[in-house]
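Notes follow the structure.
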Amino acid sequence: MTPNDQVRQLVDRFWDGFLERQPLAGTYVGDERYDDRLPDPSEAGRAAEEAACRAALDELATIDRADLEVASQLDVDVLEAICARSLAALEQRVDRFEVVNHMHGAGTMIAVVASVQRADTPERLDRYEARLRAFPAFLEASADVAREAIATGVVTPRIVVERARAQLDRILALAPEDSPAMLPLGADVDPEVRDRFAGVVRDVVAPAHARFRDLLRDEYLPASTETIGMTALPGGEGMYAAEILGWTSLPLDPRQVHDLGNERFASIQDERREIAASLGYADPVEAIAAHNASGANTATSPEQLVVMAEDQVRRSWETAPSFFGTLPKANCAVRRVEEFREADEPFAFYNPPTEDGSRPGTYYINAYDLPDRALHHVASVTYHEANPGHHFQIALEQEMTDRSDLRRFGGTLAGAAHCEGWGLYAERLADEMGLYLDAWERLGMLDNQAHRAARLITDTGIHALGWSREAAIATLEEAGQTHTDAVIEVDRYIAMPGQALCYMIGMIEIEKAREAAAARANGGFSLRAFHDEVLATGELPLPSFRRVFGTA
């Protein structure tokens, strides 16, 4: 057996085991083998994850890498980065911080399942019922982790706990027939099936959620912290370092990241002032205030917001062939974020398609608090999440059937900076593509670019430099975010240390690769070919991306 064969067999085994240990990952990509299960947050589940990662690294150490093909070397890079990220998180017991969390904690699992589960055949209905019946054990194991967190002092800040509890309160206030758990059944499901699943929600899922909510209210909230930074917790400095490495794939120094954010922020502010002046205003604050006062910057209904996003998705798809040689097989769908979770979710996000295309890639747009949602921001968000952003990147990679499933579906697990960097790059690219309809939308793009620079400042400010929540909110508002968005975003950074660093860090790497490619081409640079090469290479940890594109 050649070393290339050894690598492929190893990564295929690892991916198969990963789907069994993390069954929601399989549901996301359309592998339904484990759709009757939930993840295992218990000590046994953590031990299984650690054993799998250590075994993979031990086996890698026996393989001669001297003459590996490029594809095999990239498989190795992704596998090593995933294992390093998992082992660092396990060593630092980041799960104690994450278990009570309004972004991805145990209480959000029902929303995640409901957004991706298929339940349109008898077999799928049976698997879905089994998964719902697994909620009591999942939430009880999560409660054990939460009690460990209380005992060790590694607890989530109070503002995050309050949001997590409020989510559960909203879910529990719904009748079983209106639970998010009913969403996979569809509107036209047989009444007997609807009654069957409403009974499971009433008798199994809701009581488990109530017990977990009571734990948050009676035990966890009184122990939660008034501080908001991870480094204020016992062992927090090591935890934050693990989170930075996990999200960006780089061992970055928080102070250097903070300084980079300030540098980028100042440069983008200059661009924002130029746009404001072209619109006849002294500065961006005055321009946005006037635009808001005119009424033209506010949607009158959720439907208007969705229609606007749908038009942007259509136009970007039609324009893309001039800038990309290869497009995904299908455009993405647009959906409104469900009302029960919209108060805590970001303005937009993307869910990838299933491998067989039966569930399309889906761009979610948030209609919460419309009076404080700025329409001039919508376009750049669409181009980030949908086309030519995450939909192009993720759907195209899934269509590359000649490469390992680990790379087709698991690249983001090696560090999300490449993925989010491409999304942010796509916002700028959309300007080159002529997709912004007016100067207001271009100002919105620059607002969002400033926002990502401000994320470098605020995430490190919160988690390493002792910033207050109010100071972080004010920084995002200075970048052009509305108060509603700034509050939701800051609470997201508090709940997900390090994640906010991915965007600007990743975009800078893609910009460097483009500059290097243009310099090597000596006047013969093709932007279309460069984009195809980046997307064909797929999501990589940033050290690997630097090596592939000659910027190491």
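Values quoted throughout were computed directly from the atomic coordinates according to the rules given, and no laboratory measurement underlies them. As the structure is a prediction and not an experimental result, all values here were calculated from the model. No Cβ is skipped: glycine too gets one built from the backbone with ideal geometry, and neighbour counts run over all protein chains shown.
Tabulated results
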read-out	value
Free-standing Cys, the chain [no other Cys Cβ under 4.7 Å]	C332, C419, C502
The stretch 398-481: relative contact order as a whole-number percent, Cα under 8 Å and 6+ apart	22 percent
Given charges at beta-carbon only (K, R positive; D, E negative), |dipole| of the chain in Debye	280 debye
Whole-Å semi-axes of the ellipsoid equivalent to the stretch 3-242 (Cα gyration tensor, √5λ, descending)	34, 27, 12
For the chain, with +1 on Lys and Arg beta carbons and -1 on Asp and Glu, the positive-most of A529, G261, S301 along the dipole	G261
Derived scalar couplings ³J(HN,Hα) [the stretch 246-252; Karplus, 6.51 cos²θ - 1.76 cosθ + 1.60; whole Hz; x for Gly, Pro]	x, 7, 9, 6, 10, x, 7
Amide H contacts of R336 (H built 1.01 Å from N, under 5 Å, at least 5 apart or other chain)	I365
Antiparallel DSSP beta bridges within the stretch 247-548, percent to nearest 5	50 percent
Rel. contact order, % - alpha carbon contacts under 8 angstrom, at least six apart, the chain	18 percent
Vicinal HN-Hα couplings computed from phi for the stretch 319-336 (Karplus, 6.51 cos²θ - 1.76 cosθ + 1.60; Hz; Gly/Pro x)	7, 4, x, 6, 10, 9, x, 10, 10, x, 4, 9, 5, 8, 8, 10, 9, 7
Fraction of antiparallel bridges per DSSP, the chain only, in percent to nearest 5	45 percent
Convex hull volume per residue in cubic angstrom - Cα atoms of the stretch 356-460	131 Å³
Pairwise label distance in nanometres, D356 with E432, each label 7 Å out on the Cα-Cβ vector	3.9 nm
For the stretch 89-159 versus the stretch 488-552, the gap between their alpha-carbon centres in whole angstrom	32 Å
Within the chain, helix-based [θ] at 222 nm, where runs of 4 or more DSSP H residues each add -39,500 (n - 2.57), nearest 500	-19000 deg cm²/dmol
Normalised contact order of the stretch 247-548, rounded percent, pairs of Cα under 8 Å and 6 or more residues apart	26 percent
For the chain, with +1 on Lys and Arg beta carbons and -1 on Asp and Glu, the positive-most of A395, T412, P191 along the dipole	T412
Phi to ³J(HN,Hα) by Karplus 6.51 cos²θ - 1.76 cosθ + 1.60 over the stretch 543-552, Hz, x for Gly, Pro	x, 5, 4, 4, 5, 5, 9, x, 10, 5
Cα pair distances in the chain, grouped into 20 Å bins until the bin that holds the longest one, percent each	21, 58, 21, 0
Potential lengthening between H104 and D178 on full extension [0.36 nm per residue; Cα-Cα distance subtracted]	24.4 nm
Dipole in debye (nearest 20) - the stretch 247-548, about Cα centre, beta carbon charges: Lys, Arg +1; Asp, Glu -1	820 debye
